[in-house]
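Trainee: Mind having a look at this structure? Questions to follow.
The values are calculated or read from the model by the stated rules, or taken from the named source; none is laboratory data. Predicted model, so just to flag it, every value in this text is computed and none were measured. Cβ placement follows ideal geometry from the backbone for every residue including glycine, while neighbour counts extend to all protein chains displayed. Remember, those area values only see protein heavy atoms, side chains included, never the ligands or the DNA or RNA. Shrake-Rupley method; radii C 1.70, N 1.55, O 1.52, S 1.80 Å.
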Amino acid sequence: MSAMTFLNAVEPHLPILLIIVPLFGALMATFMRSGTVAWFISLVVSVLVALIAWKLLNTILSTGTPIIYKIGNWEAPIGIVYKVDQLSGFVLLVIAAIAAVMMPFARRSIAAEIKQRAQPWYYAMYLLCLAGLMGIVITGDAFNAFVFLEISSLATYVLIALGRHRRALLAAYQYLIMGTIGATLYVIGIGLLYVLTGTLNFDDIASRLGPALADPERRNAVMAALGFAFVGVSLKLALFPMHVWLPNAYTYAPSVATAFLAGTATKAAIYLLIRLLFTVFGVSISIETLPVPQVLIVLSIAAMFLASFSAVFENNAKRMLAYSSIAQVGYIMLGVGLACLPVLAATTDASPATTPNNGMTAGLVHIANHAIMKAALFLALGAVYYRIGSVLYKDIAGIGRTMPLTMLAFGIAGLGLMGTPGTAGFISKWYLALGAIDTGWYSIVFLIVASSLISLIYIGRITEVVWFREPSAAAAQAKEAPLSMLVPLWILALLTIYLGLDTRATVDVAAEAAKVLVGGIR
Amino acid sequence: MTNELNPGLIVILGALLVPFLPGRVLRGAFMLMIPIAAFAYLRTLPMGDFGQMELMGLQLQTLRIDKLSTVFGTIFLIATLLGVIYALHLGDWVQHTAGLIYAGSAIGAVFAGDFVTLFFFWELTAISSVFLIWASGTANALSAGLRYLVIQVGSGVILLAGVLMHYRATGTLTFGAMSTETLPGTLILIAFGIKCAFPLLHNWLANAYPAATVTGTVILSVFTTKLAVYTLARGYAGTEILIPIGVTMALFTVIYALLENDLRRVLAYSLIGQLGLMVAGIGIGSDLAINGAVAHAACGILYFALLFMAIGAVLHRTGTAHASKLGGLAKSMPLTATFAVIGALAAAAVPFFAGFISKALILSAAMKAGHFWAWAGLLAAGAAVVIHTAIKVPYFAFFAKAQGEPGTEAPANMLLAMGLTAALCIGLGVYPEALYSMLPREVKYQPYTTEHIITQLQLVCFAALAFVLALRFGLFPATTRATLLDSDWFYRVPGRHLAMIANRFRSFTWEVVADGIVKGASKTYHALYHHHGPDGLFGRTWPTGMMAFWTTVTLGAVVILSYL
Amino acid sequence: MSADQQGHHIETPPDKGTGATASGASNANRIVYGLSAICALLVVADLFVHKHGYFKIEHVLGFYAFFGFLACTVLVLAAKLIRAILMRPEDYYDK
């Protein structure tokens, strides 16, 4: 009874709790002496956050109207508003769920990779980062998004720097410089918008951009704002050619941090870009007249190929996956770019307002699918690193024989990455190709197809290394990963297959969000 | 619900359990049960379309039972059983599992009623089968496997592109007769053609099959190409272009099969030649021709499996399958030699062996349809098979002067598999009705007329005479260890250079591209950078600066484009 | 083994060699004569068979025999010629 009333009282405040809970957890973790206690706090917080995100998404999906939460009950233009709609609800759940699933894995991995003293610090930074990511996605305020972007970024720099390799520091430093440049560009962009419209609230900016655009002088400023914000966020999401910080950061960060960042951090930035393009600028400008779709499509395709090539030649498994991440971000952004283009009437039977845009659906679905698959892949490497202390090809040769369950899960996630039918990756590819056909860009269908062949090569290469090479000295001695690592790993691996067969959880929600996003602006 | 499951899935699910079974005996018994259980299940299924399900809002029909799918499914299951028996001595669960998943996915593809299900199993055959190549563990196998994988999955993605366009254009996913008039139809034909080893698209087969493990080659020889024959028979029956394609396949492979030294490669080329016969049959498209193509696929599966098994046994015992290193093994491996000869007689289409009853259908169909040149070409290729497969393979392995160590007789399980396959080769030859009654089209055909027996014997014996005389007078081309250039040259040699360029591109791209742009277009950047940092620091932080530079370039591009 | 690596041909010319190969040669001769006899018989049998062929050329006496022999001879000779063009050292692709 009292539990019920408590829940009822809490429910309206769920959006803010999504931020407060991890922030508070971070604070607690900072003061812990023992890494295990800090880990336990993180575990509880992560699960709680995931549950809240799940609850929020369910509410949205059942009511269909966005949840607006006014902080301190201040009205929108003055106060900060948190807004959860289909899109943000979906991305929130993806990030929170990935974070929660990998927490059981973290304890042993962190205990092995990070000095005893620094372990609570790691968990504190992780929770701070989680709070930041949640904040980016949930906020309805452009400047607040910047603040959360910086919170998550600062925490990320520390997470990377905690890596055991001495180059971790350089990687963190580079990321810091680049991250700051990105954030600066973004803040210049929204600064311009503030000057133009006098508000920082996304929805208000959107509604006031129309008059600004009518004036040719102010139109130039709007374009500049778009350019700055677009490039700033693109840097954060590692869009080619602004991706160069990513391989080092992913390679030298602690294993769990890599898995977490690969699964979530770029996704939050992608969310922010979609938000800016479709619900801020897209409302009053028709996006297809802007250069953004073309730039996005060209850069995405370049990423799909060039980063994949780099992955093929890589001899460090983590770095290989990092390059693959850049390529996969290319897939997501290609979907977003395609969604900006008009759908050819001849290719679909219904009007765009009622059918979800396939390109956007592909992009959103791949946010979830890629998060799951890449997290699984990096966790598998984390387990290998835990056992043999290296992820170089020469050291992991033949390790499939001694760690079959780990490498089997790796293989399944790898199949997903290639877009094998029956896995989640295929679903993304299917919608992406449909999106390309819808816009009449048949050539892109072939580029998608060709780039998945390159991913086949790099996954094939590592598969061959781990299963058929003579085991290295370290691999021959290795034992199967502990259960606490195998369980999260296999949850993600099985999800890769499950989401390839039952797409209700991903495609239906993504299509719903795509309908609201793309349908709304046409 | 019980009759909604694709039989291929039974095999795949069974395969997934294999790694968890302890002990070779239990594992072996279980693996034998898999195809038997799937076959028993298949027998209970009535004709019709089942397994309707919805995925991503698409209506799928995952199980289609008709005469065409049943005959292929049945022969695939028989071949699976034979392959399992042949591999029973192996302790390697990776190969067992991969082989069964591969077989199961080929069976699943045959019973698929729609393109998405077909594509699912199509890709699965590619991915599972590559393990059979990699498992042999040689450096050659690793690269051949990767090339094989790329080409096979490439066929799948071309299929996917075609299917997507077909779906967008027609709104249906049902896999039925296709047209080559449209782009999707052409794409799908190319996808099928890659797996069917069409000329110039064929080299994956000749490279990969000989690189696989002893048992892997046997399994590989059964499924991929015959699955493609099935898809062609269903989708492209009567497509005229297939006739010249098929005849070309039948003829050009003769040259390679005659010259090759590696007997498994000889068989691989010979297999492509026989595929040509089937493809031409499908192109002719009459009821008799389609029946012929299907029957020849079934018989070809059996006798090529038998020949690959025999040469595999030789490889297993002596460590080589090169003609120039073998010979005289009939004394030490008499049973294997006997089975090889039976396979050879079937391949030569000698009356009362399997090849005879199926090849006759296709040649008769070509004749009745008035395709004179196709008929003559296929007849010539059929005569040449006598030399390069039926005589050359057993002769150099078992009867020629010994060039290497004598082996010992093959393991019992291999002998059993070969014995059963040989029995089937003879059984179908003696009692063709067993196969004819299963064929998809309703046609009466009597292969055993005096005329037919005599003319076929003439063809075979005179071909053999030509071989003997050519050998006698030193005209037979010497088979030595060598590489024969084939269409893979086009991607292997220029491809390697491209890869080197790509590799160089990858390591120097930033330096080269950046240098070019920096020196040319943006001297300011250089000047500024030199201004702000000493040279030592410049070297160390260059990458970060480079990143910032590219960000600027992108920003500039976006802003400038916005103003255009 | 070493002979092989040097790429020696494998057929043993039947007209040269020691006693062992001489018996091999006589075996080979027996095969040639036996096969020729069978072939001759088959051509004779052709006289007694009523042909139903669709092409006129099929009705020529011993057409299949002639065709089989000719096709094989031509293809073998063609292979012998093309061999010079297609043949490369075994490690061609590994260089």
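Trainee: Hey, any hits in segment B:217-227 for a residue that's charged (D, E, K, R), in contact (Cβ under 8 Å) with a residue 24 or more places away in the chain, open to solvent by less than 10 Å² (accessible area, probe 1.4 Å) and in the same structural domain as B:His89 (by TED's automatic domain parsing)?
Mentor: Within segment B:217-227, the first condition is being charged (D, E, K, R), and the residues that meet it are B:226.
Among the residues that remain, those that are also in contact (Cβ under 8 Å) with a residue 24 or more places away in the chain are: B:226.
Retained after the next criterion (residues that are open to solvent by less than 10 Å² (accessible area, probe 1.4 Å)): B:226.
From what is left, the residues that are in the same structural domain as B:His89 (by TED's automatic domain parsing) are B:226.
Checked segment B:217-227: at least one residue is charged (D, E, K, R), in contact (Cβ under 8 Å) with a residue 24 or more places away in the chain, open to solvent by less than 10 Å² (accessible area, probe 1.4 Å) and in the same structural domain as B:His89 (by TED's automatic domain parsing).
Trainee: Looking only at segment B:178-191, decide whether some residue is more than 14 Å from every other protein chain (Cβ to nearest Cβ) and closer than 18 Å to B:Leu275 by Cα.
Mentor: The answer is yes, given that some residue of segment B:178-191 is more than 14 Å from every other protein chain (Cβ to nearest Cβ) and closer than 18 Å to B:Leu275 by Cα.
Trainee: Listed residues A:Glu150, A:Glu113; which is in contact (Cβ under 8 Å) with a residue 60 or more places away in the chain and not basic (Lys, Arg)? Break it down stepwise before answering.
Mentor: Numbers: A:Glu150 fails: in contact (Cβ under 8 Å) with a residue 60 or more places away in the chain.
Answer to the check: A:Glu113.
Trainee: Still on this structure, I have one more. List every residue pair whose Cβ atoms lie under 7 Å apart, where the two residues are 6 or more positions apart in sequence or sit on different chains, the first residue falls within segment B:155-170 and is more than 7 Å from chain A (Cβ to nearest Cβ) and of a type in the set (Ser, Thr, Tyr), and the second residue, located anywhere, is assigned to a helix (DSSP H, G or I) and open to solvent by 10 Å² or more (accessible area, probe 1.4 Å).
Mentor: Close Cβ pairs (under 7 Å, with a partner that is assigned to a helix (DSSP H, G or I) and open to solvent by 10 Å² or more (accessible area, probe 1.4 Å)) amount to B:Ser155/B:Ile194.
Trainee: Another one. Out of A:Leu432, A:Leu392, A:Leu379, A:Leu415, I need the residue that is within 20 Å of the chain's Cα centre (by Cα) and either closer than 16 Å to A:Ala259 by Cβ or away from chain B (no Cβ under 11 Å) (or both). Which one? Before you say what the answer is, go through the steps one by one.
Mentor: Working: A:Leu432 fails: either closer than 16 Å to A:Ala259 by Cβ or away from chain B (no Cβ under 11 Å) (or both); A:Leu392 fails: within 20 Å of the chain's Cα centre (by Cα); A:Leu415 fails: either closer than 16 Å to A:Ala259 by Cβ or away from chain B (no Cβ under 11 Å) (or both).
The conditions single out A:Leu379.
Trainee: Are there any pairs, at least 6 apart or on different chains, whose C-beta atoms fall under 8 Å, with the first in segment A:444-456 and more than 7 Å from chain B (Cβ to nearest Cβ) and the second of a type in the set (Val, Ile, Thr), and if so, which?
Mentor: Close Cβ pairs (under 8 Å, with a partner that is of a type in the set (Val, Ile, Thr)) amount to A:Ile444/A:Ile297; A:Ile444/A:Ile301; A:Leu447/A:Ile301; A:Ala450/B:Val157; A:Ser451/A:Ile301; A:Ile454/A:Val312.
Trainee: Need pairs with beta-carbon distance below 7 Å; first residue over 12 Å from A:Tyr194 (Cα atoms) and more than 9 Å from chain B (Cβ to nearest Cβ) and within segment A:214-231, second open to solvent by less than 50 Å² (accessible area, probe 1.4 Å) and among the aromatic types (Phe, Trp, Tyr); sequence gap 6+ or separate chains.
Mentor: A:Ala229/A:Tyr186
Trainee: Evaluate the following for B:Leu81: is it in a helix (DSSP H, G or I), open to solvent by 10 Å² or more (accessible area, probe 1.4 Å) and within 11 Å of chain A (Cβ to nearest Cβ)? Before you say what the answer is, go through the steps one by one.
Mentor: On the way: in a helix (DSSP H, G or I): yes; open to solvent by 10 Å² or more (accessible area, probe 1.4 Å): yes; within 11 Å of chain A (Cβ to nearest Cβ): no.
The answer is no for B:Leu81.
Trainee: Here is a check on your reading of the model: is A:Leu154 surrounded by fewer than 24 Cβ atoms within 10 Å (Cβ to Cβ) and within 14 Å of another protein chain (Cβ to nearest Cβ)?
Mentor: Values: surrounded by fewer than 24 Cβ atoms within 10 Å (Cβ to Cβ): yes; within 14 Å of another protein chain (Cβ to nearest Cβ): no.
No.
Trainee: Test each condition in (1) farther than 30 Å from B:Arg264 by Cα; (2) aliphatic (A, V, I, L, M); (3) open to solvent by 10 Å² or more (accessible area, probe 1.4 Å) for B:Leu160 and report the one that comes out false.
Mentor: So B:Leu160 meets the others, but not (3).
Trainee: Just for segment B:44-58: of the residues that are within 14 Å of another protein chain (Cβ to nearest Cβ) and open to solvent by 40 Å² or more (accessible area, probe 1.4 Å), which one is modelled with the highest pLDDT?
Mentor: Once the filter is applied, the top-ranked residue is B:Met53.
Trainee: List pairs: first in segment C:32-51 and surrounded by 13 or more Cβ atoms within 10 Å (Cβ to Cβ), second among the basic types (Lys, Arg), Cβ under 8 Å, 6+ apart or cross-chain?
Mentor: C:Val32/B:Arg472
Trainee: Inspect segment B:254-265 for any residue being open to solvent by 10 Å² or more (accessible area, probe 1.4 Å), away from chain C (no Cβ under 14 Å) and of a type in the set (D, E, K, R) and give the result as yes or no.
Mentor: yes
Trainee: Sticking with this one: Among C:Lys51, C:Lys80, which is the only one that is modelled with pLDDT under 80 and either more than 8 Å from chain B (Cβ to nearest Cβ) or out of contact with any strand residue (DSSP E or B) (no Cβ under 7 Å at 6 or more places or on another chain) (or both)? Steps first, please.
Mentor: Working: C:Lys80 fails: modelled with pLDDT under 80.
On inspection, the qualifying residue turns out to be C:Lys51.
Trainee: What are the residues in segment A:27-82 that are in a strand (DSSP E or B) and either within 22 Å of A:Cys129 (Cβ to Cβ) or touching a Lys or Arg at 6+ places or on another chain (Cβ under 8 Å) (or both), if any?
Mentor: Applying the first criterion (in a strand (DSSP E or B)) to segment A:27-82 yields A:67-70, A:81-82.
Passing the criteria: A:Ile67, A:Ile68, A:Tyr69, A:Val81, A:Tyr82.
Trainee: Does segment B:24-43 hold any residues that are closer than 15 Å to B:Val94 by Cα and open to solvent by 50 Å² or more (accessible area, probe 1.4 Å), and which are they? Spell out the reasoning first.
Mentor: First, pick out the residues of segment B:24-43 that are closer than 15 Å to B:Val94 by Cα: B:24, B:27-28, B:31.
The answer is B:Arg24, and nothing else.
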